[in-house]
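Heads up, the thing below is written out as structure tokens.
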Amino acid sequence: MRSLAVLIFVFMVVGCSNHYGGQANQVNQKNAAQALPIAYHLFNPQTVDITSEKALFSLSAAQQQQFLDYYNKALAHGDDKHKIISDYLLSKLSNFTYYGETHTASQAMASLEGNCMSLAILTTALARLVGVDLAFREVLTLPVFEKQNNLVLSSIHVQTKLFAAPSEGSLSSIFANAGVVIDYFPDSSNIKSRYLKYHQFVAMYYKNIATDALVAGDLETAFANAITAYQYDPASVEVMNLLAVVHRRKGDEYTAEQIYKYAMKRAPNNLSLLSNYATLLSMQQRTKEANRLQEKMAKLEDPNPYSWLDQAYLAQQQGNHQQAIAFFNRTIELAPYVNQAYVGLYQVHMAKGHEARAKNAIAKALDWTYKQSERRQLKYKLYGRNKASGINQ
């Protein structure tokens, strides 16, 4: 799963049928335009081939039969329906990773690979095929970063739960029901976050496609998918963030700023939103306004350590060393076990020529590192330069 971090965050999730499914909560383009300032005249979304919601979850007749053969055989042996789906998926998880293409259900089953969104879509398609309920929850994990086309991308994770029996009630209550979690990247440091509804899931698929198009510089495809995401989830600040970036890339900084202002009225303390708006202001040499937003960010009490780690990496990418140090330290205050923050401090201090501070950060990272391979890497950073100078350890 990937999300734009410097300019936009795009989250991937999975959705289901029955209580969580049905047609998405769409709004038409006219209503969307009234709610959010959009410069439609700059784009031609009708020229872009958008994957339909139906196509997103469709499997070919052969693919359906392949799964049903496995399913019916296991069912005849007395296995539970939700566990059969889980076993089927777990046998095919090796090529699903953070990085990779975002596929439809049919594409994912044909290639048996893709990113987390692809796995989520395939899970949904199989669950629908045999009438199994599922729900989904965002999970906060250590972000994984890459940089493409001057955009920093960060990865975010989601868990999907297949239920043993039909589930009723609120998402927060039904997640406690008996079932099995589909998660190719479980980790003890994961932090459980919000529960997600079906229309939010569908919107997030289109956000992901829009992100890929934005990275590729295809602004028409990026806009068409981003506005489709907004039609599914007009309350999503992340979608607004994405649309602001697309407008800015198109050269319309005025509308981009209006979108940021609109979104900030709904989420005044959203770190990624504030960061992206501050970036736009800095590009326009509006330093005082940008600094005010940065000061506001520094005073926020976001309890998610990975949000601060995100911002630390962004500041580091932009060469803002002091801000990066502040955000790495905020990460450590909230979660001292996140040793990536210590490594980040090491890198920033080394860039500033503060070797003693850098080594102090690495020494602290060792206190929270238990894998021998990782400890060796940290010790090399800590002792390597001294060894080169002939100092015995």
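Would you point out the residue of the range 361-393, among those that are under 34 Å from the mean Cα position of the chain (by Cα), open to solvent by less than 80 Å² (accessible area, probe 1.4 Å) and of a type in the set (S, T, N, Q), that is modelled with the highest pLDDT?
Filtering the range 361-393 down to residues under 34 Å from the mean Cα position of the chain (by Cα) leaves 361-382.
From the residues that got through so far, the ones that are open to solvent by less than 80 Å² (accessible area, probe 1.4 Å) too are 361-363, 365-366, 369, 373-375, 378, 381-382.
Within this subset, residues satisfying the condition of being of a type in the set (S, T, N, Q) are 369, 373.
Working: Thr369: 69, Ser373: 65.
Selected residue: Thr369.
Just checking: which of the helices (runs of 4 or more DSSP H) contained wholly in the range 285-349 hold 1 or more residues that are open to solvent by less than 60 Å² (accessible area, probe 1.4 Å) and touching a residue at least 40 places away in the same chain (Cβ under 8 Å)?
Values: elements: 287-299, 305-317, 321-334.
Ranges flagged: 305-317.
Read through the list (1) outside any loop (DSSP other than H, G, I, E, B); (2) without any contact (Cβ under 8 Å) to a residue 60 or more places away in the chain, then give the number of the only condition that Tyr262 fails.
Unmet condition: (2).
This table checks each residue for (1) modelled with pLDDT under 75; (2) open to solvent by less than 50 Å² (accessible area, probe 1.4 Å); (3) not in a loop (DSSP other than H, G, I, E, B).
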position	(1), (2), (3)
Gln23	yes, no, no
Ala32	yes, yes, yes
Lys54	no, no, yes
Gly78	no, no, no
Lys92	no, yes, no
His103	no, yes, no
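For the range 194-232, how many residues are open to solvent by 30 Å² or more (accessible area, probe 1.4 Å), closer than 13 Å to Thr51 by Cβ and of a type outside the set (Ser, Thr, Tyr)?
2
The values are calculated or read from the model by the stated rules, or taken from the named source; none is laboratory data. Predicted model, so just to flag it, every value in this text is computed and none were measured. Glycine also receives a Cβ, built like all others from the backbone with ideal geometry; neighbour counts cover every protein chain displayed. Heavy atoms of the whole protein, side chains included, go into the accessibility calculation; ligands, DNA and RNA do not. Shrake-Rupley method; radii C 1.70, N 1.55, O 1.52, S 1.80 Å.
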